[in-house]
Amino acid sequence: MTHTSWDRTLFSTSSAPTTITHDTGLLLLRLVVGLSMAGHGAMKLFGWFGGPGLTATGKGFTMAGYPAGDAMAVIAGLSETLGGLGLALGLLTPLAGAALTGIFINVLDVRGLGAYFPPKGVELEVVLFAAVVALTLTGPGRFAVDHYLPVLRESRPRYALLALLVGVVAGFIVVLIRD
């Protein structure tokens, strides 16, 4: 890309979503949301970043009414860590979105929808969930591993909708097994 064509892409008045600013915005959103979720999963799995670790997380799942709290802690921790890393890298973005969608459905069920704003509200969870859904639907942009995987680049809308459906179904199945 020549300097002149880069200037046209950067300062274009076109509404086409292929501009460098669009892809940079998606990259920033993916990194912040994805790494936040991966860090949250690492807190559960390994006790990193001041997190509770697997044993305490398992007890928390049991107290929240999930059967096999330790197994649920591993599933949630892996879903958050791997889904977050996938989102951050733009790697298998629909699958990352599905994993995180299932997580957020359960988070919202456990937290309840009685209040939106803090201190007992779900404002942050809803914003993160909306970001995950938006990134799953829009795709990760050009600055992502998926950009180099032709099957994901060519069939993104179909995979995005299917992934969200799988995430919703899996999330609600887990909600239903909760006491």
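Sum -39500 (n - 2.57) across every DSSP H segment of at least 4 residues in the chain, then divide by the residue count to get the 222 nm mean residue ellipticity, nearest 500.
Rounded to the nearest 500, the figure is -24000 deg cm²/dmol.
Of the listed residues 125, 80, the order by accessible area with a 1.4 Å probe, largest first, is 125, 80. When the solvent-accessible area of the chain is split by element, carbon and sulfur atoms take up 73 percent of it, the probe being 1.4 Å.
Size check on the chain: the Cα extents along the three principal axes, sorted descending, read 60, 31, 31 Å. Peptide packing: for 173-179, 92-98, the average count of neighbouring Cβ atoms within 10 Å per residue gives the ranking 92-98, 173-179, highest mean first. A 1.4 Å probe run over the protein chains yields, for the range 26-72, 52 Å² of accessible area per residue, whole-number rounding. Going through the DSSP H helices of the chain, which span 30 Å or more along their own axis at the Cα atoms while scoring at least -0.5 as a mean Kyte-Doolittle hydropathy? Qualifying helices, which must be both long enough and hydrophobic enough, are 20-46, 156-177. With contacts taken as Cα pairs under 8 Å at a separation of at least 6 residues, the chain carries a relative contact order of 23 percent. Residue 46 contributes about 120 Å² of solvent-accessible surface, heavy atoms of the protein only, 1.4 Å probe. When a/c is below 1.5 the answer is rounded, else prolate if a/b is larger than b/c, else oblate, so apply that to the range 118-179 with a ≥ b ≥ c taken from the square roots of the Cα gyration tensor eigenvalues. Note, shape of the range 118-179 comes out oblate.
The values are calculated or read from the model by the stated rules, or taken from the named source; none is laboratory data. What you see is a predicted model; the values in this text were computed from it and never measured. Every residue, glycine among them, receives a Cβ derived from its backbone with ideal geometry; neighbour counts consider all protein chains shown. Each accessible area value is taken on the protein alone, full model and side chains, heavy atoms only, with ligands, DNA and RNA left out. Shrake-Rupley method; radii C 1.70, N 1.55, O 1.52, S 1.80 Å.
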